[in-house]
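Below is one structure, written out as structure tokens; comments come after it.
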Amino acid sequence: MSRINNDEVLLKVENLCQYFGPTKAVDNVSFDIKKGEVFGLVGESGCGKTTTGRSIIRLYNITSGNIYFKGERICAGTFSYKTAIKEAKSNTKKDIKALKEESKNNPSKKKENNAVIEKKKRDLDAFITEQKNKIKSAIFDHKYSDSRYSQKCVAKVAGEYNKEFTDAKTEAERKALSLKYAKKFKIAKNTRLITKIQMIFQDPIASLNPRMTVREIISEGLVINGIKDREYIDEKVYEILELVGLVREHAGRYPHEFSGGQRQRIGIARSVIMRPEMIIADEPISALDVSIQAQVINLLNELRDQLGLTILFIAHDLSVVKYFSDRIGVMYFGKMVELASSEELFLHPIHPYTRSLLSAIPLPDPHSEKTRERIIYEPLISHDYSVNKPTMREICPEHFIYCNDEEEARYKEEFGL
Ligand SMILES: Nc1ncnc2c1ncn2[C@@H]1O[C@H](COP(=O)(O)OP(=O)(O)O)[C@@H](O)[C@H]1O
Ligand SMILES: [Mg+2]
């Protein structure tokens, strides 16, 4: 099923933390998505899936961590650097105090200790400078990743233009080239990297403005990006409506005139008109009747092929993502607890939370459904993290589990590794 034709990483999420006061909505989550891949993000309501998606499209100033898209750092948090400064200051202060204490009790050590103190102060200063530079660079990237990307686009167009210009023989050819490239330069200059990621929301009713026509809703992104040509906009809207299985006559109507499934198609149209490279689909079928859920999944699959999309597909249960995803990440309470290919995850689920999610999927056969045993996940019983702390570990190739030393050994033994 995989359409991934290379190992190019399109999106890289690195130690993402998003805290809302005391709530650690997303806590140290890392994963990457390859170009052309569908990555399923699964977990029960409130585990931080939407927050992860919203962080990626820069709706928040993330607490800490980094997000890279097409190689550009588009999000960078500063909290971890600030915390590191605070910790270093307090540790140094403690060390110096102990050294001074020692000098007082043992004056023969004073000279030696003073030298150590001076060294500690210098080290601290150097460390603070280093962290402050990281903060500066994080703020800079967050602010300027879009313009840096558009500069790259402009440079690429300039390269093409220069080549064609050198090859052009007549004045007329050169004039035509200037005209052709004027438009290309303008598009390159106006390119915003962040619009290459578009999000589709769970609730197609709440996310569509009831006072706007379908035409206005779908073309909003174009208009915001400075496109004014009415004819061009209409043409694009009609093209996209047909692409998502609606008709051009729908353009003049309002959202309430449509069924749930059609509304979600409008939501999808609104995101694909921006020609994104990546779509974040946040539970796009959860609010829909079961009968039309498959249609929307099929549409996303078709678009994925036609437009070469990469998809982050968010769902609260595993059955939805099973056939659609290349890889799946399972989240529990702000943490990623298991990450593997879709096939591997269903064949060899390891983390007890994943197992409990799998046991919640109803079986098609009524007999086995009757005897299906639900596994309840109880973190306090399943894990003892009082001494040895868990981290994300690769248990077998490309299969990652959040676990500690004891669990890692046990899981590996279970698999005969
Ligand atoms: N803007 C916000 N302010 C405060 N808390 C939030 C905000 N958004 C989400 N949360 C909290 O963060 C946690 C994760 O929420 P969310 O990402 O929406 O989970 P999911 O999409 O997996 O259901 C929840 O506890 C939620 O209450
Ligand atoms: Mg959500």
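The values are calculated or read from the model by the stated rules, or taken from the named source; none is laboratory data. Since we're looking at a predicted model, the values are computed, not measured. Counting neighbours? That spans all protein chains shown, and the Cβs are built from the backbone with ideal geometry, glycine included. With ligands, DNA and RNA removed, areas are computed over all heavy atoms of the protein, side chains included. Shrake-Rupley method; radii C 1.70, N 1.55, O 1.52, S 1.80 Å.
For the chain, what are the DSSP H helices with axial Cα length of 27 Å or more and mean Kyte-Doolittle hydropathy of at least -1.0?
171-190
Pull out a ≥ b ≥ c, the square roots of the eigenvalues of the alpha-carbon gyration tensor of the stretch 323-385, then state rounded if a/c is under 1.5, prolate if not and a/b is larger than b/c, and oblate in the remaining case.
On the way: a/c = 2.52, a/b = 1.22, b/c = 2.07.
Oblate is the answer for the stretch 323-385, as a/c is 1.5 or above yet b/c matches or exceeds a/b.
Could you give the spread of the C-alpha atoms of the stretch 80-190 along their three principal axes, from largest to smallest, in whole angstroms?
In descending order, the Cα extents are 91, 23, 10 Å.
Considering Cα pairs under 8 angstrom that are at least six residues apart, work out the relative contact order of the chain and quote it in whole percent.
Numbers: 634 pairs, mean separation 74.3, N = 417.
Relative CO of the chain lands at 18 percent.
Taking the Cα centre of the chain as the origin, how large is its charge dipole in debye, to the nearest 20, when only Lys and Arg (+1) and Asp and Glu (-1) carry charge on their Cβ atoms?
2600
Below 8 Å between Cα atoms, with a sequence gap of 6+, how large is the relative contact order for the stretch 6-152 in percent? All intermediate terms of the calculation are to be shown ahead of the outcome.
Working: 191 pairs, mean separation 30.5, N = 147.
Relative CO of the stretch 6-152 lands at 21 percent.
List, largest first, the extents of the alpha carbons of the chain along their principal axes, each in whole Å.
Reported extents, whole Å, longest axis first: 89, 75, 43.
If exposed means no more than 15 neighbouring beta carbons inside 10 Å and the site is in a DSSP loop, what's the longest run of the chain without any exposed GluC sites (Glu not before Pro)? Kindly include the intermediate steps, with their values, before the conclusion.
Values: sites that count: Glu8, Glu373, Glu398.
Here the longest segment lacking exposed loop sites spans 9-372.
Put +1 on the Cβ of every Lys and Arg and -1 on every Asp and Glu Cβ in the chain; which of Ile279, Ser55, Ala88 then has its Cα farthest towards the positive end of the dipole?
Final value for the positive-end residue is Ala88.
Keeping every protein chain present and rolling a 1.4 Å probe, give me the accessible area per residue for the stretch 80-190 in Å².
Per residue, the stretch 80-190 has 75 Å² of solvent-accessible surface.
From zero outward in steps of 5 Å, how is the percent of C-alpha pairs of the stretch 1-156 spread across the bins?
2, 8, 13, 14, 13, 12, 10, 8, 6, 6, 4, 3, 2, 1, 0
Go through the stretch 282-288 residue by residue and turn each phi into a ³J(HN,Hα) via Karplus (6.51, -1.76, 1.60, θ = phi - 60°); whole Hz please, and just put x for glycine and proline.
8, 6, x, 10, 4, 8, 9
Given the -39500 (n - 2.57) contribution per DSSP H run of 4+ residues, what per-residue ellipticity at 222 nm results for the chain, rounded to the nearest 500 deg cm²/dmol? If you can, show how the numbers build up before the last one.
Details: 14 runs with 207 residues, N = 417.
Counting only the DSSP helices, I get -16000 deg cm²/dmol.
Quick check: residue separation of Ile227 and Glu343 times 0.36 nm, minus the Cα distance between them. What number comes out in nm? Write out the running numbers ahead of the final one.
Values: separation 116, 0.36 × 116 = 41.76 nm, distance 4.39 nm.
Extra length from Ile227 to Glu343 when fully extended: 37.4 nm.
Kindly provide the chymotrypsin sites (Phe, Trp or Tyr not before Pro) of the stretch 268-371 that DSSP labels as loop, not H, G, I, E or B, and whose Cβ sees at most 16 other Cβ atoms within 10 Å.
Tyr323, Phe333
Quote the relative contact order of the stretch 80-190 in percent (integer), defining contacts as alpha-carbon pairs under 8 Å separated by 6+ residues.
Relative CO of the stretch 80-190 lands at 25 percent.
Is the shape of the stretch 243-392 best called rounded, prolate or oblate, per the rule: a/c under 1.5 gives rounded, else a/b larger than b/c gives prolate, else oblate, with a ≥ b ≥ c the square roots of the Cα gyration tensor eigenvalues?
prolate
How much of the accessible area of the chain, in percent, comes from carbon and sulfur atoms when a 1.4 Å probe is used?
Exposed carbon and sulfur together represent 54 percent of the surface.
Where a ≥ b ≥ c are the square roots of the eigenvalues of the C-alpha gyration tensor, would you call the stretch 234-307 rounded, which needs a/c under 1.5, or, failing that, prolate if a/b is larger than b/c, or oblate? Present the calculation step by step, with values, prior to reporting the outcome.
Numbers: a/c = 1.78, a/b = 1.08, b/c = 1.64.
The shape class here is oblate.
Go through Lys35/Lys152; Lys86/Lys335; Lys136/Lys156 and tell me which ones have a Cα-Cα distance over 23 Å in this structure.
Exceeds cut-off: Lys86/Lys335; Lys136/Lys156.
Would you mind checking which residues have amide H under 5 Å from Val337's amide H? H placed 1.01 Å from N; only 5 or more apart, or other chain.
Val330, Met331, Tyr332
Note the full-extension length gain between Thr371 and Val247 as 0.36 nm times their separation in residues minus their Cα-Cα distance, in nm to one decimal.
Length gained between Thr371 and Val247: 40.0 nm.
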